[in-house]
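Q: My structure is below; once you've seen it, I'll send some questions.
The values are calculated or read from the model by the stated rules, or taken from the named source; none is laboratory data. Note that the structure is predicted; figures quoted are calculated from it, not measured. Reconstructed Cβ throughout: ideal geometry from the backbone, glycine too, with neighbour counts over all protein chains shown. In case anyone asks, the SASA skips ligands and DNA or RNA and just uses the protein heavy atoms, side chains included. Shrake-Rupley method; radii C 1.70, N 1.55, O 1.52, S 1.80 Å.
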Amino acid sequence: QLQASGGGLVQAGGSLRLSCAASGVTFSSADMGWFRQAPGKERDSVATITGSNSRTYYRDFVKGRFTISRDNAKNTMYLQMNSLKPEDTAVYYCAADPDSLGRFRSWGQGTLVTVSS
């Protein structure tokens, strides 16, 4: 089970940190990721982090602004979002345990991030 939190309303240029608390999964070895879905658009990946060595991957549109991390002792993953833009407005989801095709099998409920201009 994944529980995302930390969303809210922020002005452009501001920062937020999202958290994803995990239970019922072998957290330390689980590949995990953040996704987002903007109004009227399909869900899109944002960043992923591996379980084995915490290697990170980012989509170009967040590189240099967002940082994904994990604390295995707390079974929690984070997304630090800086220099937020109005186009970052979306519901953000955390996910874990991708299959062999990269499709994540466990999903959190989503947390809304709204960036005002």
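Q: Which of Asn53, Asn82, Asn72 moves the most in a Gaussian network model of the chain with Cα springs under 10 Å?
A: Asn53
Q: Roughly how many Å² is the accessible area per residue of the range 1-79, as a whole number, for a 1.4 Å probe? Working shown, then result.
A: Values: 4290 Å² over 79 residues.
Value for the range 1-79: 54 Å² per residue.
Q: Shifting gears a bit: Among residues other than Lys85 whose Cβ falls under 14 Å from its Cβ, what is the net charge (Lys/Arg +1, Asp/Glu -1)? Can you show the working numbers first?
A: Details: positive: Arg36, Arg59, Lys63, Arg65; negative: Asp60, Glu87, Asp88.
Neighbour charge sum, excluding Lys85 itself: +1.
Q: I want the local charge near Ser116. Using Cβ-Cβ distances under 13 Å, sum +1 for each Lys or Arg and -1 for each Asp or Glu among the other residues. Write down the numbers at each step before the final one.
A: On the way: positive: Lys85; negative: Glu87, Asp88.
Within the 13 Å Cβ shell, the charges total -1.
Q: Within the range 38-84, what whole-number % of the accessible surface is contributed by carbon and sulfur, with the 1.4 Å probe and all protein chains included in the calculation?
A: Numbers: 1160 of 2720 Å².
Summing carbon and sulfur atoms, their accessible area is 43 percent of the total for the range 38-84.
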